[in-house]
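One structure below.
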Amino acid sequence: MFPVFNEVMMIKFTLCAAVATFVLSAPVAAQSDPGRVGVQRGDVLLRLRGIVVAPNERSSGIVPTFPTERASVNNSVMPEIDVTYMATDRIGFELIAATTKHDASGVTGTTGSIGKLASTWVLPPTLTAQYHFNPTGHVRPYVGAGVNYTVFWNEKASDGLEAAVGATRVRMSDSWGLAAQIGVDIDVTPRMFVNFDVKYIDIDTTARLRTTAIGEQSLRLHLDPLVVGAGVGLRL
């Protein structure tokens, strides 16, 4: 537990340091013109979104005991904060920070009758490079692509699973993957805007369940969620 906790804390510290670096690196000239329309090189865009994380999951069988049985993963709704640094008038780099909780449930057979098998918190910091199509306009669409590192933490077996197979320890492997996004910022005032954003994130993990009754079981999960968000932002 403690190595995972320390890793999560280190990633959170890194994200906070990155945000602070972006904010402090914004030129004074960019912040001294609050009436300017659009974005330009050196701007920092801070957004707060509500997101829906909707996994498009595929799973292997639960081996070796339930090789034909699959698992499903539920959607999750959470707040998210992100920061974008404009390296040029059109090129920006966005870092997102959010954590969501998900349940894995059996679909058919024995595990289907159990229902919820386990839960986990997911921390998926994602860095994307964006191209902004209309940097001087009130409506600024963008596309982006980048990389994601996902940490699974505080994994727990469900009461139903432990009632069926005894005390169970759950561990899920971390994941590297690619990410793609499309979104738009729409001005409300010269510095404030609303944002709509959709991301696809490639997330794969192996769940290992160590049980007292049937030994160790493993399950390969391809989560690959769509992350749909809406919120407000501020040009710093």
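The values are calculated or read from the model by the stated rules, or taken from the named source; none is laboratory data. This one's a predicted model, so the numbers in the text were calculated from it and none came from an experiment. All Cβ positions, even for glycine, are placed from backbone atoms using ideal geometry, and neighbour counts span all protein chains on display. For the accessible areas, the whole protein counts, side chains as well, though only heavy atoms, and no ligand, DNA or RNA atoms are used. Shrake-Rupley method; radii C 1.70, N 1.55, O 1.52, S 1.80 Å.
Note down the magnitude of the dipole of the chain about its Cα centre, charges +1 on Lys and Arg C-beta and -1 on Asp and Glu C-beta and zero elsewhere, to the nearest 20 debye. Intermediate values should be presented prior to the final figure.
Working: 20 positive and 21 negative charges, 23 e Å.
So the magnitude is around 100 debye.
Using a 1.4 angstrom probe and counting only protein chains, how large is the accessible area of HIS222 in Å², to 10?
Counting only protein heavy atoms, the figure is 40 Å².
For the full complex of protein chains and a 1.4 angstrom probe, list THR150, THR212, THR189 by accessible area with the highest value first.
Numbers: THR150 0, THR212 105, THR189 60 Å².
From most accessible down to least: THR212, THR189, THR150.
Probe radius 1.4 Å, ligands and nucleic acids ignored: give me the carbon and sulfur share of the accessible area of the chain as a rounded percent. Mind dumping the intermediate values first?
Working: 7410 of 11040 Å².
Taking all protein chains in place, the chain shows 67 percent carbon and sulfur surface.
Heavy atoms only, probe 1.4 angstrom, no DNA, RNA or ligands counted: give me MET86, MET78, MET172 ranked by accessible area, highest first.
Working: MET86 0, MET78 50, MET172 30 Å².
Ranked from most to least accessible, the order is MET78, MET172, MET86.
If you only keep lysine pairs separated by 8 or more in sequence, or across chains, how many in the chain come under 19 Å at the Cα atoms? Don't jump to the answer; show the numbers that get you there.
Values: LYS12/LYS101; LYS101/LYS116; LYS101/LYS156; LYS101/LYS199; LYS116/LYS156.
Final tally of qualifying lysine pairs is 5.
Using only protein heavy atoms and a 1.4 Å probe, report how much of LYS101 is accessible, in Å² to the nearest 10.
Accessible area of LYS101: about 90 Å².
For region 112-235, what does the relative contact order come out to in percent, with C-alpha contacts under 8 Å and a separation of six or more?
Numbers: 295 pairs, mean separation 27.8, N = 124.
Relative CO of region 112-235 lands at 22 percent.
Quick check: the distance between the Cα centres of region 175-200 and region 135-172, to the nearest angstrom?
Distance between centres, Cα-based: 20 Å.
Under 8 Å for C-alpha pairs, at least 6 residues apart: give me the relative contact order for the chain, rounded to a whole percent.
Here the relative contact order equals 22 percent.
What accessible area per residue, rounded to a whole number of Å², is obtained for the chain using a probe radius of 1.4 Å? Spell out each step's value before the answer.
Values: 11040 Å² over 236 residues.
On a per-residue basis, 47 Å².
Separation between the ARG36 and ALA167 pseudo-spin-labels, each 7 Å from Cα along Cα→Cβ, expressed in nm?
My value for the distance between the label points is 6.1 nm.
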